[in-house]
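Peer 1: So that we are looking at the same thing, I have put the structure below in structure tokens.
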Amino acid sequence: MSKEADKPGWWQRLRPRLLAFAVWCLARAIGMSVRLKVLHFERVLERIREGKGAVLVTWHGRSLIPANFFKGRGFWAIISLSRDGEIQNHIFRRFGFRIIRGSTGRGGIRAALEAARRVAEGGILAFTPDGPRGPNRQVQPGALFIAQKARCPIIPAGVAAHPRKLLPTWDRYMIPLPFARGVFIFGEPIEVPDGISAEEFERIRQQVEQAINTLEAQAEQMVRTQRE
């Protein structure tokens, strides 16, 4: 079979862009309607002012609000090399993210090393430590590896919205309903020192996991008690 026959047709090339545009329009419309309260974002802004990087982490299923809030800030994101990743690539570029391609399945080490380099240079990486395929709400080592190599902290965050729809997906993806109330809370930076033992690395991994869950619980409490 010729190389020409192996090339994707015009529809196969255009389809990811069209799907991405449709999803982006919907996500942007929802995001613009959310009445969002943001707490402690100055912890991130301080890193930016000082020209220092950081790894921002929250769960994969809560990424719609962060994607909207980080719009146009030039933050970095790692997107998988899968077919779905190609669609996500176009979506996140429309949100103004700078993209590194790779995942735990394909190109993972290369992507992690590139991300660590960008963060060490002062970039801010928005990362979902349980993505792209789970297990849900379990921090994988990638975020810690990147922060350790970059010598920059992890900043955990919790996200909640009400009313909302939780999709029947592996990550229980949260979609705020139009004009929902939202809360986005950033936690204290967590350092991952170089040269630590496997036991200490695991302790910090659990600390990051607990921090995201605690911040999300706070956000859930706030979003349900906010008065109209």
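Peer 1: Tell me which residues come under 5 Å, amide H to amide H, from Trp76 once H is placed; ignore anything under 5 positions away on its chain.
Peer 2: HN-HN under 5 Å from Trp76: Arg98, Ile124, Leu125, Ala126.
Peer 1: If we sort 34-42, 185-193, 122-130 on the protection proxy, mean other Cβ atoms within 10 Å, highest first, what's the order?
Peer 2: Top to bottom by mean Cβ count within 10 Å: 122-130, 185-193, 34-42.
Peer 1: Average the reciprocal distances over every distinct pair of alpha-carbons in segment 10-225, invert the result, and give the Kirkwood radius in Å. Walk me through the numbers on the way to the answer.
Peer 2: Working: mean 1/r = 0.0573 Å⁻¹.
One decimal place: 17.4 Å for the Kirkwood radius.
Peer 1: Would you check segment 10-225 for Lys pairs whose C-alpha atoms are within less than 24 Å, ignoring same-chain pairs closer than 8 in sequence, and give me the count? Before the final figure, lay out each step's value.
Peer 2: Values: Lys37/Lys71; Lys37/Lys165; Lys52/Lys71; Lys52/Lys149; Lys71/Lys165.
Going through segment 10-225 pair by pair, I get 5.
Peer 1: Additional query: In what order do Trp170, Trp76, Trp24 fall by count of nearby beta-carbon atoms within 10 Å, going from fewest to most?
Peer 2: Taking fewest neighbouring Cβ atoms as first place, the list is Trp170, Trp24, Trp76.
Peer 1: In what sequence, highest mean first, do 203-214, 144-155 appear when ranked by Cβ atoms within 10 angstrom?
Peer 2: Details: 203-214: 16.8, 144-155: 22.7.
Packing proxy ranking, top to bottom: 144-155, 203-214.
Readers should treat all values here as calculations from the given coordinates under stated rules, not as data from a laboratory. Quantities reported herein were computed from a predicted structural model and do not represent experimental measurements. We place every Cβ from the backbone using ideal geometry, glycine too, and count neighbours over all the protein chains shown.
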